[in-house]
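A quick write-up on the structure given underneath.
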Amino acid sequence: MKAAVLKSFGSPLIIEDVPEPILGTGEVIVDVVATRVLSYTNEVFSGERKYLLDLPVIPGSGGIGRVRRIGPDATHLAVGDWVLCDPTVRSRDDARAPDITLQGWSARGEGGMKLQKHFRHGSFAQQIMVPTENVKRLGAITPAEATQWCAIGTMLVAYGGFLAAKLQPGEIVLVSGATGNFGSAAVAVALAMGAACVVAPGRNDKILADLVRRFGDRVRPVKLAGVEDEDRERMKRASPGPIDCVFDIMPPSVSPNVVRAAIMTVRSYGRVVLMGGVGMLGGPGLELPYNWIMRDCITIHGVWMYPPDAATRLIAMVRSGLLRLDHYQATEFDLDHANEAVAHAAANAGPFKMTVIRP
């Protein structure tokens, strides 16, 4: 089969023929129809993000495709089914605290690297081998619709955070990073889950206005000035009531002061979800006052990805009409132009924009 291979950090992808994956027990082979190219892919491939990724590897984080072969432990899947390939692969020998690798993308710790030795290659290829439990049925779609369904991979990240925080209908949410690619998805997901409104801080007037255009007055935009205490008060004033949940998805380049300004808007007994990248590339970490956390009974959730059943639940939300995929504007590339797709994704990283490879 044809695949795009990353052989060394800092080098372009090599498009070449590689052996097809071999089916084993507990696995499914999927023909990849469409796969996202994340906006920061160039930072992963250059080594800037220092992701744990054993090279050479076929990269690519999840995708949409059709089942090609199934193993003996699959009782509901059938050849030809349209499916989402969930890249969050968990070890099967410790349900309480499994090791995790993001297939074709990165690993978490030594155990994740060990897991990556087997579930190694990602979706920048014509076929991918995925653990049986990571193949989620979509129902009937057309080949053209596969591109749009790639957006669910972005929305799943926010969904995982809100599930951890037990977001309830009628609550008020603040999304720190609302004008980014993952942050704008978090706005959409929070509203689909029944949030009364979403406070959306940012510095880009055009993007803030676009969020209001898309979702109406349930979005409360806040123009940030860059002064921590002042910005915190602006966010509080924009909210129609006490903020129940703050969701942070800021990238590594953002100052901890910006993140702290948003986090400390949450009400007493409120919840904070941390899914961003503060401190990932070095520099100061996030400093929060011990007394504030204790006396205001603040719950802080560190969340990486989402629980195993999240994808099936989010697919149901899309199917019901609660969550729309048509907000996303996608640009497609074939596999031969994978390097061009990586460059395009970096240059077009805004809200509701998506770069997709169709192998």
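Here are the numbers for the structure shown:
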item	result
Cross-chain or 6+ apart pairs with Cβ under 9 Å, region 80-103 first and within 17 Å of residue 153 (Cα to Cα), then open to solvent by less than 60 Å² (accessible area, probe 1.4 Å) and among the acidic types (Asp, Glu)	103/86
Helices (runs of 4 or more DSSP H) contained in region 131-207 and holding at least 3 residues in contact with a helix residue (DSSP H, G or I) (Cβ under 9 Å, 6 or more places away or on another chain) and of a type in the set (Val, Ile, Thr)	151-164
All positions within region 108-131 that are more than 17 Å from residue 335 (Cα to Cα), open to solvent by less than 10 Å² (accessible area, probe 1.4 Å) and of a type in the set (Gly, Ala, Ser)	112
Meets criteria (farther than 25 Å from residue 349 by Cα, open to solvent by 30 Å² or more (accessible area, probe 1.4 Å) and at pLDDT below 95) for residue 227	yes
Leading residue by the ranking (modelled with the lowest pLDDT) among those in region 1-57 that are assigned to a strand (DSSP E or B) and open to solvent by 50 Å² or more (accessible area, probe 1.4 Å)	52
Of residues in region 239-283 being more than 20 Å from the chain's Cα centre (by Cα) and among the polar types (S, T, N, Q), the one nearest to residue 154 (Cα to Cα)	255
Residue within region 156-163 that is under 21 Å from residue 232 (Cβ atoms) and open to solvent by 10 Å² or more (accessible area, probe 1.4 Å) present	no
Residue count, region 1-42 (criterion: in contact with a strand residue (DSSP E or B) (Cβ under 7 Å, 6 or more places away or on another chain) and either of a type outside the set (Lys, Arg) or farther than 26 Å from residue 148 by Cβ (or both))	26
Filtered residue count, region 69-98, keeping only those that are modelled with pLDDT of 95 or more, acidic (Asp, Glu) and touching a helix residue (DSSP H, G or I) at 6+ places or on another chain (Cβ under 8 Å)	1
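The values are calculated or read from the model by the stated rules, or taken from the named source; none is laboratory data. From a predicted model like this one, the values you see are computed outputs, not experimental measurements. Positions of Cβ are backbone-derived with ideal geometry, glycine not excepted, and every protein chain shown enters the neighbour counts. When the accessible area is computed, the model is the full protein with side chains, heavy atoms only, and any ligands, DNA or RNA have been set aside. Shrake-Rupley method; radii C 1.70, N 1.55, O 1.52, S 1.80 Å.
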